[in-house]
Amino acid sequence: MASRIIDSHQHFWQVGRFDYPWMSSEVEVLYRDYLPPMLEPILKEHNVAQTVLVQASNTIEEMRWMLSLADAHPFIAGVVGWVDLMSDGIEQQLDELTTHPKFKGVRHLVESEPMDDWLVQPSVLNGLRILARHNVSYDLLVHTRHLKRVKRVAESCPELRLVVDHLAKPPIARGEIKEWAQEIKELAAYPNISCKLSGLVTEADHASWQMDDLRPYVELALESFGAGRLMFGSDWPVCLLAASYGQVLESFQSLFADLNEDERSRIFGKNATEFYRLN
């Protein structure tokens, strides 16, 4: 298997510490604290060398907290946090954050926005262009319905490194692929867009999913983007709704077993290292 595995997508949180709009006490598995000492032994068990820690709250305070976790835990190679893309103060926020060597990217909870065209508002596009000028990447937390807007972002910000989280959450549980597949194929034409192979088990049936449920979506992504623009990500601890960390990793290792060593090493580590400029 890939010699150096990097998990491009995982989270930490503390209930009540920040505003998590997606969190509900009714989803007990996620309504608890998840912190580095819980994940570190799991990473060691599965020979995962490092991770990219990704935001779960649209707050600068969470960004600073995640950077403090990265300072204390060497396995966190990079942090994707939040800045206010619509703010006149974005330059000042980036001037502060880019002094930290583990600040690697920005994300906004676009899926929680009531407007499907949130991404293509002039003020947001201006903020994304400022990210590009600062050489900061952007994670896209979107669904199939947003992908037409993602194409406009890629066209408007050709210098911005973009990555689509969770393959844009395809409707795996419903077995639907046609609309999603068409949008993904069109996205692949933009060389500044990559995709994360994360969050797929939670888009399948949580109780009864099989690896073959994921296969057509993963194969379409591989056909469209190639091994050079895909990244493994666990989406831990959200994945625990449907699978353990090991089940997620082993599923992708099986799905890519027929690739050559270089292709596997790219998907399971090199692509994340290059995209996020990890040290």
Open item on the list: Would you confirm, using the coordinates I've provided, whether Glu91 is free of Cβ contacts under 8 Å to residues at least 60 places away in the same chain and surrounded by fewer than 22 Cβ atoms within 10 Å (Cβ to Cβ)?
Closed with: yes
Task: Of residues in region 48-74 being farther than 24 Å from Ile5 by Cα and under 17 Å from the mean Cα position of the chain (by Cα), the one surrounded by the most Cβ atoms within 10 Å (Cβ to Cβ) - done: Met63
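Within region 98-109, how many residues are open to solvent by less than 20 Å² (accessible area, probe 1.4 Å) and modelled with pLDDT of 95 or more? Write out each step before concluding.
So the first thing to find is which residues in region 98-109 are open to solvent by less than 20 Å² (accessible area, probe 1.4 Å), and the list is 103, 105-109.
Among the residues that remain, those that are also modelled with pLDDT of 95 or more are: 103, 105-108.
Of the residues in region 98-109, 5 are open to solvent by less than 20 Å² (accessible area, probe 1.4 Å) and modelled with pLDDT of 95 or more.
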- [ ] Find all pairs meeting these conditions: Cβ atoms under 6 angstrom apart; at least six residues apart or on different chains; first residue within region 165-183 and without any contact (Cβ under 8 Å) to a residue 60 or more places away in the chain and within 16 Å of Thr202 (Cβ to Cβ); second residue of a type in the set (Gly, Ala, Ser) and not in a helix (DSSP H, G or I).
- [x] Ile172/Ala204; Ala173/Ala204
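Step by step: first the residues of region 219-240, then only those that are open to solvent by less than 40 Å² (accessible area, probe 1.4 Å) and part of a helix (DSSP H, G or I), then the one that is nearest to Gly269 (Cα to Cα). Which residue is that?
Looking at the filtered set, the residue picked out is Ala227.
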Task: Residue pairs meeting the criteria (Cβ under 7 Å; at least 6 apart or on separate chains; first under 17 Å from Gln50 (Cβ atoms), in region 27-38; second of a type in the set (Ser, Thr, Tyr) and loosely packed, with under 13 Cβ neighbours inside 10 Å) - done: none
Open item on the list: Just the residues that are within 24 Å of Ala72 (Cα to Cα) and touching a Gly at 6+ places or on another chain (Cβ under 8 Å), please, taken from region 2-41.
Closed with: Arg4, Ile5, Ile6, Asp7, Ser8, His9, Gln10
Task: Residue in region 14-23 that is open to solvent by less than 40 Å² (accessible area, probe 1.4 Å) and in contact (Cβ under 8 Å) with a residue 60 or more places away in the chain present - done: no
TODO: Scan Lys104, Lys44 and give me the residue that is within 19 Å of Gly233 (Cβ to Cβ), out of contact with any helix residue (DSSP H, G or I) (no Cβ under 6 Å at 6 or more places or on another chain) and either part of a strand (DSSP E or B) or of a type in the set (Ser, Thr, Tyr) (or both).
DONE: Lys104
Open item on the list: Take the residues in region 153-169 that are closer than 15 Å to Cys239 by Cα and not basic (Lys, Arg); name whichever of them is nearest to the chain's Cα centre (by Cα).
Closed with: Asp165
Task: Any chance Ser156 is of a type in the set (S, T, N, Q) and in contact (Cβ under 8 Å) with a residue 40 or more places away in the chain - done: no
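The values are calculated or read from the model by the stated rules, or taken from the named source; none is laboratory data. Being a predicted model, the structure only gives us computed values, none of them experimental. Ideal geometry is used to build each Cβ from the backbone, glycine not excepted, and the neighbour counts take in all protein chains shown. For the accessible areas, the whole protein counts, side chains as well, though only heavy atoms, and no ligand, DNA or RNA atoms are used. Shrake-Rupley method; radii C 1.70, N 1.55, O 1.52, S 1.80 Å.
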